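The values are calculated or read from the model by the stated rules, or taken from the named source; none is laboratory data. Given the structure is predicted, the values throughout are model-derived calculations rather than measurements. Here the Cβ positions follow ideal geometry from the backbone for every residue, glycine too, while neighbour counts run over all protein chains shown.
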Amino acid sequence: MSRKYSVSEIQNMANNMRKWILKLTIERKGGYLSQACSSAETIAALYTNIMNLSPSEAPTVPPKFPGVPGRNNMDYLTGAAYNGSTKAPYDRLIFSPAHYAVVVYSALVESGRMAPNSLDQFNVDGSTLEMIGAEHSPGFECTTGSLGQAISVAGGIALARKLKGEQGRIFTYMSDGEFQEGQTWEALQAASFYKLDNLVVFVDVNGQQLDGYTKDVMNIEPLSSRCESFGARVISVNGHDIEAIIKAAEPAEDGKPLVVLSYSNSSQGIPMLEERKPFLHYVRFKSEEEEQKYLEFMKQM
């Protein structure tokens, strides 16, 4: 990490991330916009003041999709290069909700790890900047498959570092709906058993999922006490309070994985989205008039 950012700088970065994503949603006639509203402050804070990352090791403008790994493609690289070195003592990020990919891309742009014109490639055939991120997408280290799998990947890497006596924490970012998955709880239980206090799990608790409110689809609360019962150290924060987010991530060598529950608003910064609740998973404008309304709003951001 080259320098510490001020809270106002991080907030400006988060606001710019939302603007980038609103622009892309309008241009591509749809997108995962509410995820940017709920997660921008947390992801901006991760890429600035929380994670200890080396400089990017990737080209500022991502190349086209290089093809899958294989005998004739041995130089295959993952999108992790945009986060810098994967070697200790640097931190690593295992990103779970692949539909948040555009939020990661915008964070890479705002943190100077990727060129702004890279976003022109978003959701374009042959580009690595896919709408649903994969291991070749900038900022992604692996494909986490069905939701709920990234925490297992991150836990395995954290355990390997513990066994090797290596420094550097392993971060994973999750959506709250992933706590409806059994694998999430198995991974958390394992992380507690192996005393992985080098594992940090940030959760975007925005209360929304594909079919409506999480509480109506399959309630996951009380999430804090449930995570604690599986052996985690849990801190709940306002997902738009940057100071609280940064403070929550402070390390504590207590033998417990850290879970930060970031309670957020899925219309933060774009209040017009309130009209669409509880169905905000994917935003596609219903008319030219609605699209124009969002376009005019974007000009004021």
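Listing for the model above:
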| quantity | calculated |
| --- | --- |
| Candidates LEU147, LEU210, LEU129, filtered to the one that is modelled with pLDDT of 95 or more and either on the phi < 0 side of the Ramachandran plot or hydroxyl-bearing (Ser, Thr, Tyr) (or both) | LEU129 |
| Candidates GLY112, GLY126, GLY168, filtered to the one that is in contact with a Pro (Cβ under 6 Å, 6 or more places away or on another chain) and farther than 28 Å from GLU221 by Cα | GLY168 |
| The listed residue being under 20 Å from GLU186 (Cα atoms), in contact with a strand residue (DSSP E or B) (Cβ under 6 Å, 6 or more places away or on another chain) and not hydrophobic (A, V, I, L, M, F, W, C), out of SER266, SER224, SER236 | SER224 |
| Single condition VAL103 does not satisfy, out of (1) within 18 Å of ILE170 (Cα to Cα); (2) in a helix (DSSP H, G or I); (3) β-branched (Val, Ile, Thr) | (1) |
| Members of segment 123-162 that are part of a loop (DSSP other than H, G, I, E, B), under 23 Å from TRP185 (Cα atoms) and aliphatic (A, V, I, L, M) | LEU147 |
| Residues of segment 163-179 that turn out to be buried (at least 16 other Cβ atoms within 10 Å of the Cβ) and part of a helix (DSSP H, G or I), as a count | 4 |
| Residue identified as part of a loop (DSSP other than H, G, I, E, B) and either buried (at least 24 other Cβ atoms within 10 Å of the Cβ) or not polar (S, T, N, Q) (or both) among LYS23, LYS19, LYS4 | LYS4 |
| Qualifying residue in segment 250-266 (condition: under 19 Å from ILE43 (Cβ atoms) and without any contact (Cβ under 8 Å) to a residue 24 or more places away in the chain) | yes |
| Subset of segment 229-239 (residues that are closer than 14 Å to LEU46 by Cβ and out of contact with any Lys or Arg (no Cβ under 9 Å at 6 or more places or on another chain)) | GLY239 |
| Strands (runs of 3 or more DSSP E) fully within segment 190-264 counting 2 or more residues that are over 17 Å from the mean Cα position of the chain (by Cα) | 233-238 |
| Any hit, segment 57-80, residues being assigned to a loop (DSSP other than H, G, I, E, B), closer than 29 Å to PHE279 by Cβ and of a type in the set (Lys, Arg) | no |
| Segment 266-288, subset under 20 Å from the mean Cα position of the chain (by Cα) and over 24 Å from MET13 (Cβ atoms), residue surrounded by the most Cβ atoms within 10 Å (Cβ to Cβ) | HIS281 |
